[in-house]
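The values are calculated or read from the model by the stated rules, or taken from the named source; none is laboratory data. It should be emphasised that the depicted structure is a prediction, and the values quoted were computed from it without experimental measurement. Cβ placement follows ideal geometry from the backbone for every residue including glycine, while neighbour counts extend to all protein chains displayed. The protein model used for the area step is the full one, side chains on, heavy atoms only, and it has no ligands, DNA or RNA in it. Shrake-Rupley method; radii C 1.70, N 1.55, O 1.52, S 1.80 Å.
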Amino acid sequence: MTDTTVTDTPVADTGTGYGRKPSSHDARLTEVGPGMPMGEALRRYWQPIASSTALTSDVPHRARLLGEDLIVFRDGRGRPGVVFERCAHRGSSLFYGRIEEDGIRCCYHGWKFDVRGHCLEQACELDGGRRRNLARQPWYPVEERYGLVFVYMGPPEHKPPLPRFDSLEPLGEGENHYTSWTVPGTEVIGMEQDYNWLQLYENAVDPVHASWLHSTHSGFQFQGTGTTGFPEHFYDASTVAERVTYHRTDHGVKYVQRYQDTKGPDGAPVDIDWSVELHLPNIIALPDFVRVTPDARHDMLIWVVPADDTHHRLVFSIRAADPARLESFVFGIRQNGKDNWEMTDEERRRFPGDYEAQQSQGDITQHSEETLAPSDRGVVMLRRMLRTMIDDVEAGRKPLGVGAPGEPVRHVEAGAFIRREPGDEAPKPAGADEAATPTAAGA
């Protein structure tokens with residue numbers, strides 16, 4: 001008799017989720033509170049906290065920054081100030097304070113502080129407080145430039161000069177600095193988003209995501225695509241990896257993405273390089289992608305300002321003569337023909353954009369779970385530079401991007417540029433000579 005019994009030998013499944021170690025994030029890169037490595041590094045740089053034009057002497061504004069609860073206000077004399085939100089007397093919030101000619105007065109007992117935290121008056125004490133000079137409201141130094149109020153939150157002995165950028169100065173004829181979002185509730189302190197700052201910042205040096213998220217997956221989302229902006233073939237996912245290179249600059253890292261857009265007099269294609277640069281620690285030089293103008297002078301900087309470990313704000317300054325430039329930035333990316341805040345949950349699911357992709361990584365993305373690929377080279381370069389920045393601070397060295405007295409105006413390497421053969425000289429954008437002059441007006 002033939003034995004027909006079949007014995008199956010089970011094969012163990014591989015790659016399942018069982019038994020995986022707990023996931024984790026890179027706290028050294030992402031956590032920004034006092035005493036944390038990244039928090040201490042970011043405190044060596046000036047951070048924008050408010051729009052100068054939107055900050056009036058009407059009411060104070062809350063602005064959580066690097067894990068600290070702050071109040072930014074402008075007194076009746078026009079001076080900006082940044083102080084701790086908790087009153088030094090009994091802890092009431094100065095958010096409910098009253099702006100006066102020479103400072104801000106607490107609602108609880110009427111103690112008044114100037115923009116440097118000096119106690120000017122203790123309203124309920126004899127003679128306005130005979131020992132009021134002993135009270136001091138914690139404060140931070142501020143400066144105004146490019147239509148923004150900047151604050152320095154680091155060690156006083158290491159306070160650097162506020163840097164200057166050739167893309168924002170000098171102002172040309174009829175030009176202004178536009179710094180206030182046109183979205184209600186964001187006009188003064190910027191647009192807040194509910195996830196870690198680094199997820200947005202490193203997205204700016206990840207150009208390949210545009211060839212999938214902003215086109216193939218969700219349809220063309222950048223306004224101007226196919227007309228005044230990028231040609232449709234700019235997003236070709238099958239060739240984008242070979243068209244992008246990444247480079248270290250004097251102030252950070254940039255990528256260069258090549259595409260052919262127009263034809264020259266001889267009918268041959270004209271190569272155009274699109275470049276975005278990041279300046280350490282948290283600045284993005286993003287050119288106008290709605291109206292791409294080759295060899296034009298760059299005109300905008302964006303700061304990704306951490307509010308705390310799981311929130312950040314976007315603050316910007318645009319140098320422009322036409323307010324339409326502001327509109328093209330604020331409304332330049334649309335999802336299914338709508339602005340993000342107009343969409344339903346179902347539309348966001350079907351037509352996701354930057355917010356959906358980045359926020360869905362988690363409050364802080366789990367770096368232990370990443371599988372990086374060659375197209376992530378820009379992200380890897382940026383993270384290495386940020387780690388070096390932290391190492392420098394911990395070792396007592398001055399990190400990249402911290403200003404020095406007398407340094408020249410910083411050059412921003414961003415824009416759309418016609419690719420030329422070696423030896424061919426590119427035309428200088430209008431205002432380029434003046435912008436490179438260290439004595440150009442920066443306020």
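Annotations for the structure displayed:
- Entry comment: accessible area of segment 46-158 is 46 Å² per residue, from protein heavy atoms only and a probe of 1.4 Å.
- The charge dipole of the chain, taken about the Cα centre with unit charges on the Cβ atoms of Lys, Arg (+1) and Asp, Glu (-1), comes to about 1460 debye, rounded to the nearest 20.
- Length gained when the stretch Val183-Thr344 is fully extended (0.36 nm per residue, less Cα-Cα span): 56.2 nm
- Placing R0 at 41 angstrom, the Cβ-Cβ distance between Ala395 and Asp322 gives a FRET efficiency of 0.30 after rounding to 0.05.
- Dipole of the chain [Lys/Arg +1, Asp/Glu -1 at C-beta], most positive-end residue of Ile71, Thr225, Asn336: Ile71
- With each label modelled as a point 7 angstrom along the Cα→C-beta vector, the Phe331-Glu157 pair spans 5.3 nm.
- Near the amide H of Met191, within less than 5 Å, lie the amide hydrogens of Leu314, all on another chain or at least 5 residues away, with H placed in the peptide plane.
- Separation in nanometres of the label points that stand 7 Å from Cα toward Cβ, at Tyr96 and Arg77: 2.9
- Converting phi to 3J(HN,Hα) with the Karplus coefficients 6.51, -1.76 and 1.60 and the offset θ = phi - 60°, segment 155-167 yields x, x, 6, 10, 4, x, x, 5, x, 10, 9, 6, 7 Hz in sequence order, with x at every glycine or proline.
- Backbone phi angles across segment 243-250, fed through the Karplus curve with coefficients 6.51, -1.76 and 1.60 (θ = phi - 60°), yield HN-Hα couplings of 9, 10, 10, 10, 9, 7, 10, 5 Hz in residue order; Gly and Pro are listed as x.
- Spin-label model, His217 to Arg136: label points 7 Å out along the Cα-to-beta-carbon direction sit 5.1 nm apart.
- Surrounding net charge for Glu407, when Lys and Arg each add one and Asp and Glu each subtract one, Cβ distance under 12 Å: +2
- In the context of the full set of protein chains, residues of segment 176-418 present 43 Å² of accessible surface per residue (probe radius 1.4 Å, heavy atoms only).
- Expected 222 nm ellipticity per residue - DSSP helices of 4 or more, -39500 (n - 2.57), all of the chain, to 500: -3500 deg cm²/dmol
- If the chain linking His233 and Tyr246 were pulled fully straight, counting 0.36 nm for each residue of separation and taking away their Cα-Cα distance, it would gain 2.6 nm.
- Integer Hz, Karplus 6.51/-1.76/1.60 couplings in order for segment 30-43, x for Gly and Pro: 10, 8, 10, x, x, x, 7, x, 5, x, 5, 5, 5, 6
- Helix 377-394 vs. the chain, principal-axis angle (Cα, 0 to 90°, nearest 10): 30
- Accessible carbon and sulfur surface of the chain relative to its total accessible area, %, 1.4 Å: 51
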